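The next block holds one structure in the form of structure tokens; read it before the comments.
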Number of protein chains: 2
Amino acid sequence: METQPAKQPSTKHYDIVIVGAGPVGLMLSTCLARWGYKIKHIDNRSEPTPTGRADGIQPRSLDLLRNMGLKSAIMAHKPARVYEVAFWDPPKNGGGIVRTGTWASCPSFIDARYPFTTLLHQGLIERVFIADLEKNNTKVERPWTITGFKSDEKENPEYPVEVHLKHVDETSEETVRAKYLFGGEGARSFVRDQLKIGITHKDPIAHVWGVMDGVVTTDFPDIKMKCTIHSDHGSIMVIPREDNMVRLYIQIASSTDPDFNPRKTATAEEVQASAKKILAPYEIEWERVEWYSVYPIGQGISDKYTLDHRVFLGGDACHTHSPKAGQGMNTAFLDALNLAWKIHAVEAGFANRELLKTYEPERKTVAESLLAFDNKYAKLFSTKPSADTVQAASSESGEDNDFIKTFKESCEFTSGYGVAYGPNALNWSPDHSAKSPLIHPQGTKLRTGRLMINANVTRVVDANVVHLEQEIPLNGSFRVYVFAGNPAVTGQALKDFAKNLADKRSFFGAFQRADIDKVSHHDSMNPHSLFFSFCTIFAAPRNKIEISKALPELLGRYRDCVYADDRGDRRVPDAKAAAHAKMGLDEEKGGVVVVRPDGYVGIVTSLVEGSGTVDALNEYFSAFVTKKLGETRSQL
Amino acid sequence: METQPAKQPSTKHYDIVIVGAGPVGLMLSTCLARWGYKIKHIDNRSEPTPTGRADGIQPRSLDLLRNMGLKSAIMAHKPARVYEVAFWDPPKNGGGIVRTGTWASCPSFIDARYPFTTLLHQGLIERVFIADLEKNNTKVERPWTITGFKSDEKENPEYPVEVHLKHVDETSEETVRAKYLFGGEGARSFVRDQLKIGITHKDPIAHVWGVMDGVVTTDFPDIKMKCTIHSDHGSIMVIPREDNMVRLYIQIASSTDPDFNPRKTATAEEVQASAKKILAPYEIEWERVEWYSVYPIGQGISDKYTLDHRVFLGGDACHTHSPKAGQGMNTAFLDALNLAWKIHAVEAGFANRELLKTYEPERKTVAESLLAFDNKYAKLFSTKPSADTVQAASSESGEDNDFIKTFKESCEFTSGYGVAYGPNALNWSPDHSAKSPLIHPQGTKLRTGRLMINANVTRVVDANVVHLEQEIPLNGSFRVYVFAGNPAVTGQALKDFAKNLADKRSFFGAFQRADIDKVSHHDSMNPHSLFFSFCTIFAAPRNKIEISKALPELLGRYRDCVYADDRGDRRVPDAKAAAHAKMGLDEEKGGVVVVRPDGYVGIVTSLVEGSGTVDALNEYFSAFVTKKLGETRSQL
């Protein structure tokens, strides 16, 4: 990916300069390093986060980390796991606090593999990414800071961004050129300031928060649960942590207070004294305080995420909000992931540069939803629910009241499964004005712009029971899932699908690897193209599927990604082929699902005999790829 | 654990000298190092197994490794997983091979958490243990060998074993004294030879085997499955391995051959040529051969595992058999585990030295079952099953024929769940002549001398869904599971149970920790005694259980090990309290299960009001503990 333009031999050239090695910068760096890009990554701290900061990994983020092969390194630290939230309020007759209800952190109506929030110190999470970066010869240089930059495609179309960097102790400085610059430096982003991008405050209310991590001795029974505690002496949120630690969030001041002072503070001792009053009649003593901080925070969202699609912002540089829902790190991960694969698609020659214009609208909409949720959640936190309401909420059965409905919507959002990208060139909604009638077949439960639905299947080559949605790793490729229904029914459709794929003017045929003849026969992910990985799923028992007979040669080449839909699922107990049924695809005729490299569904089509299926996919990819794709219908 | 007798100041003293750092030696060493013992561990190889050797971890062994916290380090190597076995035979009309059937490696009638065999190079497994040992300041010294030893309790009652060791290159030698000596040096055990313990050959037939690990290119469709292949040109067993490797076992000669020569050998090229003939019409080429070996092997079992209960043998030193079923490492692990906790119980002052006498009969019986199985399996391997038989076998439904019955019995055994220790002082069968009528309550499905049954429960303190059988780590303690049924029914029984436990003459009260006042309040495993960990499981939903109210203070102290039996289980779909139901315990009245430190059930009793339950457990523990336990009935 690296080329040195002859005219500037003395300046170092990078694909991207990334400023900030928090979750957003590390996720971006890790993806791009794996896909072969040359990265200059700096951070102005001399080491990874030593204490405090974000600590919540939501269920969907754990899926993502698993897809990257990083989940086990995270779980090796034995993080705390939050399955339920407990609500504590003053009793009706006053005095002390009582538990008024509990509810699931990720209720069973959400089809999550890991229905819990994982709590772990941010520094440990950062180190997992840093270790992975080092395997790909990328190092975070620290403490280095950015002192200036300019971006001019006319001056240098290939490396338009010039970036000035200096060591924090001012012993050295450096000017480099890059194709991209990413500002992931947090709420006080230098890059954002230099671009003169403003912040819009959705909710004018600001808060001062105290947060304390430590080890306590207490008889409070829910100290290992996530709790919101309202008392006559104030409110606390309890978050369990690894190593017997607990985090307490305490609201110290609000701009709604008559004497609000955003610089109001409190000592650790004052907060501990306050916590003791709030938790009474339960007792609490600190064995050890690991971290304590007081900080003002308001809801803000960056007006733009980029001006020229060369210099980008992400993470806290784009959105700030209260820490209560543990969304910061998760949103940062998804900002970075969204940008990473799009940069890759453009720089690898697959997608038009226009693709980068989808980053801001996709991610800014999510940030707006996050702030709207945060607003709602802050009100839930401030309003003391009546015991009746909470009891009803915890039953998870019968009629939902408005409160529960609101909560359910929030659960899906906070678990990460609610993230939805609106219709655009990548996500073709049922309303898309596509030519092909095969697009978005009736009955499908897959929603474009949403994650693919989870399903268990049996891998044919080794009879392993696997999670279908995890079978293709985060390799930067589009994931084409061929649900092949009943092999006796779809045989010809599969042959026609493969034949039309092989056409040089198809989305697949047009982007073959230059080194296609040198690919190892063990590579079942990208044997033909770096832009596509294929999975084929038959609605048949494993022992009835003979890959060499059931699949045309082209699809059979992906033999490690051929599956039997024979595992059953309690969510579709009557289905013969549960994965087909969960996706809402015909168990006889199947269908084709294109999933973006970040796991979100792009398009769903029928699987038909003739060229129709490939034609429909050509039409889809034509919306953003660099080559003209032909209709192949005339050839058949 | 270390004391230096004054009379021998110049000789180093150890709790145990372990010879051999294969699976059996490493498991023993790892357990004892964790429990605080001083170990001299040597191996005559200069490094861990570089290639080849054992590679199969059976389902139950994976449970054990998880219980030790070592599973994730094993799985980080991405081992192959065998879920199914495929059978290939010559077709009826002759010529080539066809798949005649498949069946599950660990069928669903076995309630396994991990229903697959894990395949990984032995050296990687050894290194996981070695890394754990190093955390406990124990190092395998290599290459060192044993040159002699003598054991004499009269001469030195505390450290009766004198061991002579020397460096393999003869640069140094050392004489040490130890309480125990363990010979885990494999089939050609020096320790066994010195003790003049003979080997009995169960099956007089000996075989010469070739084994080849490598990476292949092939169109054989089941190369990632475990396969037994019979052809007109010979037989092969295929075992998939990590990193796209495959292991082939090829029988080169048998003592049933007319011209049998135990020294018969074959070159790698000859074996490859043979494999090509056997696999035809499929093609196979080797990209790389990692390891190749030819070795003669017979079925043998050591006549004794110890003579004086100071010098012990385990692993391959005690039993040799064919490698085909992947049992060697698994049996070695369990030999070591069985011995480890018994040495700990004796040396920590809990159990009478007589306890050590249960090692040989428990483990030798298992070795005999293994050899009987191996014999049977060898015959299955040699006999070409008819297509009809195999087809029936793979259906897993309808009437079982004798062949399937045999296979099912074997599956339970080979998965590790079939290991059964017979009635003795530790395992009280229903026929035990116990005084207490509470022992072995009617209906229980738990079998003494067998593993506790798996069950999912919800941990009360943090609402985490957990595997009950994994909740107490391998800490050397007996595991007392108090199934407390309906809290409204068992309140008084629990109070009486706790009151009688607290009695100084109870099995629990008599063995309290010396440092009981200094134990951290975070320690929920051994707050009172190093010999007991307690779990309490209520047949109630989690949100109805208030630990401080539902449990007497003594049991409440184990607050991190209190559970709600509210998760449901598809094996007992009608049960309200699935864990109680799976154990066959009354969902209202509960029961108490004592599980040995190695996970095998020792005794099951009813949970009743009054002193009866503790009396029954006192009677049980009286069979092997060092203190006289009193009946407490008179006190109530």
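The values are calculated or read from the model by the stated rules, or taken from the named source; none is laboratory data. All figures in this text were calculated on a predicted structure; none of them were measured in a lab. We place every Cβ from the backbone using ideal geometry, glycine too, and count neighbours over all the protein chains shown. Note: accessible area is taken over every heavy atom of the protein model, side chains too, but ligands, DNA and RNA are not part of it. Shrake-Rupley method; radii C 1.70, N 1.55, O 1.52, S 1.80 Å.
Go through the range B:19-34 and report how many residues are in contact with an Asp or Glu (Cβ under 9 Å, 6 or more places away or on another chain) and either surrounded by fewer than 24 Cβ atoms within 10 Å (Cβ to Cβ) or of a type in the set (A, V, I, L, M, F, W, C) (or both).
Total satisfying the criteria: 9.
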- [ ] Kindly state which strands (runs of 3 or more DSSP E) lie completely within the range A:239-344 and contain at least 2 residues that are among the β-branched types (Val, Ile, Thr).
- [x] A:245-254, A:284-298
Open item on the list: If a residue must be assigned to a loop (DSSP other than H, G, I, E, B), more than 27 Å from the chain's Cα centre (by Cα) and of a type in the set (A, V, I, L, M, F, W, C), how many such residues does the range B:155-203 contain?
Closed with: 1
TODO: Search the range B:140-161 for residues that are without any contact (Cβ under 8 Å) to a residue 12 or more places away in the chain and pair each with any residue that is open to solvent by less than 40 Å² (accessible area, probe 1.4 Å) and assigned to a loop (DSSP other than H, G, I, E, B) when their beta-carbon atoms are under 7 Å apart and the residues are at least 6 apart or on different chains.
DONE: B:ASP152/B:PRO160
- [ ] Just one of (1) within 14 Å of chain B (Cβ to nearest Cβ); (2) touching a Cys at 6+ places or on another chain (Cβ under 9 Å); (3) not hydrophobic (A, V, I, L, M, F, W, C) trips up A:GLY476, so point out which.
- [x] (1)
Open item on the list: Looking at (1) open to solvent by less than 10 Å² (accessible area, probe 1.4 Å); (2) of a type in the set (A, V, I, L, M); (3) within 13 Å of chain B (Cβ to nearest Cβ), which one does A:ILE125 not meet, given that it meets all the others?
Closed with: (3)
Task: Single residue of the range B:58-110 satisfying the filter (within 12 Å of chain A (Cβ to nearest Cβ) and among the polar types (S, T, N, Q)) that is farthest from B:ARG596 (Cα to Cα) - done: B:THR100
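Just to be sure, is B:ILE516 of a type in the set (Val, Ile, Thr) and surrounded by fewer than 24 Cβ atoms within 10 Å (Cβ to Cβ)?
yes
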Open item on the list: I want to confirm something. Restricting to the range B:540-565 and keeping residues that are within 11 Å of chain A (Cβ to nearest Cβ) and acidic (Asp, Glu), which single residue is farthest from B:ASN486 (Cα to Cα)?
Closed with: B:ASP560
Open item on the list: I'd like to check which helices (runs of 4 or more DSSP H) are fully inside the range A:532-636 and have at least 2 residues that are touching a helix residue (DSSP H, G or I) at 6+ places or on another chain (Cβ under 7 Å).
Closed with: A:547-550, A:553-556, A:612-622
Open item on the list: If the requirement is being within 14 Å of chain B (Cβ to nearest Cβ), touching a residue at least 24 places away in the same chain (Cβ under 8 Å), of a type in the set (D, E, K, R) and surrounded by fewer than 21 Cβ atoms within 10 Å (Cβ to Cβ), which of these qualifies: A:ARG241, A:ARG263?
Closed with: A:ARG241
Task: Residue satisfying all of: in the range A:483-522; within 27 Å of A:ASN454 (Cα to Cα) and in a loop (DSSP other than H, G, I, E, B); nearest to the other protein chains (Cβ to nearest Cβ) among these - done: A:HIS522
Task: Single residue of the range A:600-627 satisfying the filter (open to solvent by less than 10 Å² (accessible area, probe 1.4 Å) and among the small types (Gly, Ala, Ser)) that is farthest from the chain's Cα centre (by Cα) - done: A:SER611
Open item on the list: Can you go through B:SER61, B:SER72, B:SER46 and tell me which one is among the hydroxyl-bearing types (Ser, Thr, Tyr), more than 23 Å from B:LEU337 (Cβ to Cβ) and assigned by the TED database to the domain that holds B:TRP341?
Closed with: B:SER46
TODO: Given the conditions (1) within 21 Å of B:PHE87 (Cα to Cα); (2) more than 14 Å from chain A (Cβ to nearest Cβ), report the number of the one that B:ILE223 does not fulfil.
DONE: (2)
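Going by what's in this entry, would A:THR217 be described as surrounded by 18 or more Cβ atoms within 10 Å (Cβ to Cβ) and touching an Asp or Glu at 6+ places or on another chain (Cβ under 9 Å)? Even if it seems obvious, please write down each step before you answer.
Working: surrounded by 18 or more Cβ atoms within 10 Å (Cβ to Cβ): no; touching an Asp or Glu at 6+ places or on another chain (Cβ under 9 Å): yes.
In short, no.
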Open item on the list: polar (S, T, N, Q), surrounded by fewer than 18 Cβ atoms within 10 Å (Cβ to Cβ) and either over 28 Å from the mean Cα position of the chain (by Cα) or within 14 Å of another protein chain (Cβ to nearest Cβ) (or both): is that true of B:SER255 in this structure?
Closed with: yes
Task: Which numbered condition A:GLY315 fails, given (1) on the phi < 0 side of the Ramachandran plot; (2) in contact (Cβ under 8 Å) with a residue 60 or more places away in the chain; (3) within 20 Å of the chain's Cα centre (by Cα) - done: (1)
- [ ] Go through the residues of the range B:189-199 one by one and say whether even a single one is open to solvent by 20 Å² or more (accessible area, probe 1.4 Å), at positive phi and at pLDDT 95 or above.
- [x] yes
Open item on the list: Return the residues of the range B:574-618 that are under 19 Å from B:ARG542 (Cβ atoms) and charged (D, E, K, R); say none if nothing qualifies.
Closed with: B:LYS576, B:LYS582, B:GLU587, B:GLU588
Task: Single residue of A:ARG113, A:ARG99 found to be within 15 Å of B:ASN543 (Cα to Cα) and open to solvent by 40 Å² or more (accessible area, probe 1.4 Å) - done: A:ARG99
